[in-house]
1. Quick check, is residue 518 more than 36 Å from the chain's Cα centre (by Cα) and touching a residue at least 12 places away in the same chain (Cβ under 8 Å)?
2. Picking from 36, 66, which residue would you name as being more than 26 Å from residue 377 (Cβ to Cβ), assigned to a helix (DSSP H, G or I) and touching a Gly at 6+ places or on another chain (Cβ under 8 Å)?
3. Kindly provide the set of residues from the range 69-119 that are assigned to a helix (DSSP H, G or I), of a type outside the set (A, V, I, L, M, F, W, C), under 19 Å from residue 194 (Cβ atoms) and in contact (Cβ under 8 Å) with a residue 40 or more places away in the chain, ordered by number.
4. Scan the range 210-222 for residues that are in a helix (DSSP H, G or I) and surrounded by 15 or more Cβ atoms within 10 Å (Cβ to Cβ) and report the count.
5. Within the range 342-356, can you find the residues that are under 12 Å from the mean Cα position of the chain (by Cα) and either at pLDDT 85 or above or of a type in the set (Gly, Ala, Ser) (or both)?
6. Would you confirm whether or not the range 420-436 contains a residue that is in contact with a helix residue (DSSP H, G or I) (Cβ under 8 Å, 6 or more places away or on another chain), closer than 30 Å to residue 530 by Cβ and modelled with pLDDT of 90 or more?
7. Touching an Asp or Glu at 6+ places or on another chain (Cβ under 9 Å), of a type outside the set (Ser, Thr, Tyr) and not assigned by TED's automatic domain parsing to the domain that holds residue 306: which single residue out of 449, 502, 478, 474 fits that description?
8. Looking at the structure I just gave you, is residue 197 among the β-branched types (Val, Ile, Thr) and closer than 21 Å to residue 128 by Cα?
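The values are calculated or read from the model by the stated rules, or taken from the named source; none is laboratory data. Just so we're clear, the structure is a prediction, and the values are computed from it rather than from any experiment. Note that we place each Cβ from the backbone using ideal geometry, even for glycine, and neighbour counts take in every protein chain shown.
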Amino acid sequence: MTEPPKRTALAADGLAAPLRHAIFRRIWVASLLSNLGLMIQSVGAAWAMTQMTSAADKVALVQTALMLPIMLISMPAGAIADMYDRRIVSLISLTIALTGATCLTLLTWIGAITPNILLAFCFIVGSGMALFGPAWQASVSEQVPAETLPSAVALNGISYNIARSFGPAIGGVVVAAAGAVAAFGANMLCYIPLLVVLFLWRRVSEPSRLPRERLNRAIVSGIRYITNSPSIRVVLTRTLVTGFAGGSVSALMPLVARDLLHGGAQTYGIMLGAFGMGAVIGALNISEVRKRMNGEAAIRLCALVMGAAIVVVAVSSEPVITAAALVVAGAVWMLAVALFNIGVQLSAPRWVAGRSLAAFQASISGGIAIGSWSWGHLADSIGVEGALVASGVAMAVSPVLGLWIRMPPVGERDEAAEFLDDPEVQLSLTGRSGPIIVEIEYRVDPNRARTFYRLMQMVQLSRQRNGAYGWSIARDIADPHLWIERYHCPTWLDYLRQRNRATQSERKLHVRAMKFHQGAEPVRIRRMLERPHGSVRWKETTPDRAATAAVEVLPVSTPAGSSA
């Protein structure tokens, strides 16, 4: 009787489960082609730069030009992905990347390419992909059920790394046979299938009850959510450090092929292919690693193994040994990045998913961009071998961070709680009315004051990451039982957003706080409109006052009071 549900659960946890959903499958296949084209272009760009200049820092800047836009514009891109139709955002961003790839192809074809022009159009292509990334990744949860989301994240990583396995080798052959212009043209053509699939996707979205935020407010909301989410902050910090330490592999690979292995474009493509093949192996084992190890242990092991592999690449002059080390490095690199990605995706609610993933992209890409520049300059000073050894040591030492900022446990996504009805008010409010002041009165047993105060520190983070400002908790010096929680929101619309962004676990946290309340009088919540002199035009005949309050009295047992 219980066997079929077990098989269903097992199937949902399998890596191939998301591919059973047609829309995910179509987008995944098209994105595989797009990633393949991007890898071919990367080979062409890096090799074209080595033909135009021998400076290691210029060669490394190709990787920086592709990755730096993700660091610079990812947060606005994430806000746009959360504010607008993610399908439309994806189409526009891919069009930008396609335009950059087309111009790069034409300029190379007519012989007008220079190092600076190459870097500029790599930056444009990178900008398009930076805008595309958050919308694409955040839309995964709309294409598959929640139980298959970790597998879908892993499959997207596999898509990139399958392309990384075969793309560089293909790119090396293409560049050797027809030059960099053919590689740039191949990338241009590979964007088209993904554009077509996204154009045909009939995305169903639920209209929000509230108007969308302005872009600047949405960016601020995303930053405040991240800064008040300890688990996401830890993951992003560890991601940045890992990207910095491991940025040497992709940045210095052309020089490894040319200077350490004394090969050409095909050797370069094969080495990148070995790294990508390892990444596919790592992605295929993500589920098994998550079952057997916690996040901190897995990240620690990946960093140590990758550090050793980078050192082997540095000291090896044999292509076979270098390729074997790169397979190992690719596997643990993919495992680490996927674990970071899954941690962010499952920690962020849907309303801020795009911005959280944008922050993740900024962390990994920013780390790689800064690392690429740093290791490139170091290679100019002490040589490619020395720079790689330093990178490997930095990667091996990075797990020491776990002593202070340990990777958080990752469970299922904490979904948003049900939408609350708007509070009853006696004033004619508009969306821009504000600031709105909220005060919540608790009567707490003095013997439980310390426990209550510690719980309220968690409530503070919950309120602030969802949009509350100026949070405070105060205790009446004349009545030690009385505690007052106070915060404000800039406008009435901001307040409505703040009280409805809470996830299920946050609502439970608020209920826990209210259960400390004791006495015959129920919890009292005051919502006040602060109105400094001259900020409101009056039509009423009643005299103006500094603030007008709407008071709500809530029994402790009612969950409706769990969100003020």
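1. Yes; evaluated as a whole, the condition is true for this residue.
2. 36
3. If the condition is that a residue be assigned to a helix (DSSP H, G or I), of a type outside the set (A, V, I, L, M, F, W, C), under 19 Å from residue 194 (Cβ atoms) and in contact (Cβ under 8 Å) with a residue 40 or more places away in the chain, then 69, 86, 87, 90, 93, 95, 102, 105 are the ones that fit.
4. 6
5. 343, 344, 347, 348, 352, 353, 354, 355, 356
6. Looking through the range 420-436, at least one residue is in contact with a helix residue (DSSP H, G or I) (Cβ under 8 Å, 6 or more places away or on another chain), closer than 30 Å to residue 530 by Cβ and modelled with pLDDT of 90 or more.
7. 474 is the lone residue from the list that is touching an Asp or Glu at 6+ places or on another chain (Cβ under 9 Å), of a type outside the set (Ser, Thr, Tyr) and not assigned by TED's automatic domain parsing to the domain that holds residue 306.
8. yes
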